[in-house]
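**Q** Here you go, one structure.
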Amino acid sequence: MAKDIDIKQEIESSQAAVQRLRERRAALLEEIQEIDRSLEGIQREIIEILGAVPAAVAAPALMAAKALERKPVRRDPELTVNAAVLEVILGAGDEISKSDIRIRSMRLAGAFSESALNSALMYWVDQRKIKNTSRGFYSPV
């Protein structure tokens, strides 16, 4: 009987720890998005400054920036499994199978484990960005 109580307490503390980690991950994601917005603002300011410079100097820099933006996304070592999974599901626009999510996400982020995929799917379901429509199928909310 005491062993059952200990197990229940351990489960509850584990669940609380997982919840704290999810909240921390969400806070970090918001922080990263804020940094991205800040970097975009800095980039716009740089382009405006370069726009004030004579066209001969500014043109190559602007053309290089535009060329970088048009390149298709390939395996990006900085792209996390979570980001790749969300991008794939939102890109599908409709219901997509777990196996398709895994294949397409691996094209973006490289190889990862089944548990990483499951964690990413659970995270985005918890964040209410996607929903599990039927067994093994997901769609954007």
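The values are calculated or read from the model by the stated rules, or taken from the named source; none is laboratory data. The model shown is predicted, which means the values in this text are computed figures rather than measured ones. Using ideal geometry, Cβ is built from the backbone for each residue, glycine included, and neighbour counts are taken over all protein chains shown. Accessible surface areas use protein heavy atoms only, side chains included; no ligands, DNA or RNA. Shrake-Rupley method; radii C 1.70, N 1.55, O 1.52, S 1.80 Å.
**Q** Applying the Karplus parametrisation 6.51 cos²θ - 1.76 cosθ + 1.60 with θ = phi - 60° to the phi angles of region 45-50, what ³J(HN,Hα) value in whole Hz is obtained for each residue in order, glycine and proline being reported as x?
**A** Along region 45-50, the couplings run 4, 4, 5, 5, 5, 5 Hz.
**Q** What ³J(HN,Hα) values, in whole Hz, does the Karplus curve 6.51 cos²θ - 1.76 cosθ + 1.60 give for region 10-19 when θ = phi - 60°, with x put for Gly and Pro?
**A** Karplus values, whole Hz, x for Gly and Pro: 5, 5, 5, 5, 5, 5, 5, 5, 4, 5.
**Q** Taking all protein chains in place and a 1.4 Å probe, what share, in percent, of the accessible surface of region 1-54 do carbon and sulfur account for?
**A** 58
**Q** Suppose R0 equals 22 Å; then what is the FRET efficiency for residue 141 and residue 38 from their Cβ-Cβ distance, rounded to the nearest 0.05?
**A** On the way: r = 27 Å, r/R0 = 1.23.
Taking R0 as 22 Å, the efficiency between residue 141 and residue 38 is 0.20.
**Q** In terms of solvent-accessible area of protein heavy atoms at a 1.4 angstrom probe, what is the ranking of 7, 130, 49, highest value first? Show your work: numbers first, answer last.
**A** Values: 7 80, 130 5, 49 110 Å².
Result, largest first: 49, 7, 130.
**Q** If I model a spin label as a point 7 Å beyond the Cα along the Cα-Cβ vector, how far apart are those points for residue 28 and residue 94 in nm?
**A** 3.6
**Q** Quick one: which residues, 5+ away or cross-chain, put their amide H under 5 Å from the amide H of residue 130? H built at 1.01 Å from N.
**A** Result for residue 130 returns 125, 141.
**Q** Here's something else I'd like to know. Could you rank the peptides 134-141, 117-124 by their average count of other C-beta atoms within 10 Å per residue, with the highest value first?
**A** Values: 134-141: 13.5, 117-124: 18.2.
Most protected by this proxy first, the peptides run 117-124, 134-141.
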